[in-house]
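Below is one structure, written out as structure tokens, with a few remarks after it.
Each reported figure results from applying straightforward, stated rules to the coordinates on display, with no laboratory input. Because the structure is a prediction, the values reported are computed rather than measured. Here the Cβ is made from the backbone with ideal geometry for all residues, glycine too, and neighbour counts use every protein chain on show.
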């Protein structure tokens, strides 16, 4: 039963106090409800702003954690790559060492074989020189006897 302010004044003028009082009470309740609604709206807006601020803080933290995780992953990958390179170099070093040992053994065998061949050749030459020397002695003795 809402009336315009003129109706309220008319009613008041006609000594209808109870209607005027009821109307003013209703207006007070409506103002109170409107004030509560406005307060609730302001509180909701404040909470919404707080939520937005917290969301932004969380977003910044998440981005920082994401960057930190990516840096950690990059470091881990580089570390694993370095470990792999070190292991590969160690294997290569071992292979080269083994190759050098085998090469040294082959060179030593070749040297020993060549030394043996030279020794054998020298013995043969020595034997041949002895034979020639013996022939020369015999020839010398034969010539000396002839003379």
According to a simple spin-label model (label point 7 Å from Cα along Cα-to-Cβ), what is the distance in nm between residue 121 and residue 101? 3.3
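Stretch residue 29-residue 76 to full length: gain in nm at 0.36 nm per residue minus the Cα-Cα span?
Extra length from residue 29 to residue 76 when fully extended: 10.1 nm.
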Per the Cauchy relation, a quarter of the hull surface: what is the mean projected area of the convex hull of the alpha carbons in the stretch 5-146, in nm²? 15.7
How far is it, in nm, from the label point at residue 94 to the one at residue 133 when both lie 7 Å from their Cα along the line to the Cβ? 5.8
